[in-house]
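> My questions will all concern the structure given below.
Every number in this text was worked out from the coordinates using simple rules, so none of it is lab data. Since we're looking at a predicted model, the values are computed, not measured. All Cβ positions, even for glycine, are placed from backbone atoms using ideal geometry, and neighbour counts span all protein chains on display.
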Amino acid sequence: MPTPICVARIGAAHGVRGAVKLWTFTEDPLAVKRYGRLATKDGARHFEVESAREAKGHLVATLKGITTREDAERLNGVELYVAREELPDTDENEYYHADLIGLAAVTPADQPLGRVVAIHNFGAGDIIEIAPPHGATLLLPFTNAVVPTVDLAGGRVVIELPAEIEGDSEQNSI
C-alpha cells in the first residue's frame, strides 16, 4: 500500500458558513484544489476543496459538504493526504519530504550516521534531522554543501558534517 502524502492541515473555522483556514504543504498552495478527493491518513474520511483563496500565510477554503461553522470547527487539526502517485514528478535535485524520511544517513566515507527522521523549515531554509542510533538528533542545513548526495534508489543521503557545529565546543568564549 503506497504511503499517503500530507498536503494540507485544516485550521480554525473562518466565518459562519463552514469555511476553514487551510495550511498547505505544496509548492503552489492552490494545488490542493486539483487533487480531487483528499483523505485523512487512515483513509476513513474524504474531503474535496470546493473553493479556496489565498490569505495571510494560509488559504480560506470551503470543503464539499461542510456548511456550518460547527461542522468546520470539528475539523480543526485534521490533516489531508493524497496518494504519492497523484503528485507531479519532481525536478532534478527536488524531493518530496516523504521520499527522504527513513533514508540512511552516511558520511562521504560511507560510515553510518543514522536515519533521516524529518525535514523542517522554520523560515530560513530546509533543515534535515538525522537520528543517530544513540543520542540526540542532528539538525543540519539541507544544502548541497552539507547534503551533497541524495540517492533515493540506494536509500541513502550523504552528509558532509560541518567543521563546527554550534554548542559542540567545550570552550565558551565571551
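> Determine the dipole magnitude for the range 4-85: charges of +1 sit on the beta-carbon of Lys and Arg, -1 on that of Asp and Glu, nothing else is charged, the reference point is the Cα centre, and the result goes in debye to the nearest 20.
On the way: 14 positive and 11 negative charges, 22 e Å.
Charge dipole of the range 4-85: 100 debye, to the nearest 20.
> What number, rounded to the nearest 500 deg cm²/dmol, is the helix-based mean residue ellipticity at 222 nm of the chain, given -39500 (n - 2.57) per DSSP H run of at least four residues and division by all its residues? Intermediate results must be reported in sequence, preceding the final value.
Working: 2 runs with 9 residues, N = 174.
So the calculated ellipticity at 222 nm is -1000 deg cm²/dmol.
> Of the labelled options (i) 1.07; (ii) 1.02; (iii) 0.99, which one gives Rg/Rh (Cα atoms, Kirkwood Rh) as computed for this structure?
So the calculated entry is the one marked (i).
> Among H120, H46, H134, determine the one that fluctuates most according to a GNM of the chain built with springs between C-alpha atoms less than 10 Å apart.
It is H134.
> For the range 128-144 and the range 22-75, what is the separation of their Cα centres, given in Å?
First find each Cα centre; the distance between them is then 32 Å.
> How high is the relative contact order of the range 97-158, given as a whole-number percent (alpha carbon pairs under 8 Å, six or more residues apart)? Could you put the intermediate results ahead of the total?
Working: 111 pairs, mean separation 18.4, N = 62.
Worked out over the range 97-158, it gives 30 percent.
> Expressed as a rounded percentage, what relative contact order does the range 38-78 have, with Cα pairs under 8 Å and six or more residues apart? Working shown, then result.
Numbers: 32 pairs, mean separation 11.2, N = 41.
Dividing the mean separation by the residue count of the range 38-78 yields 27 percent.
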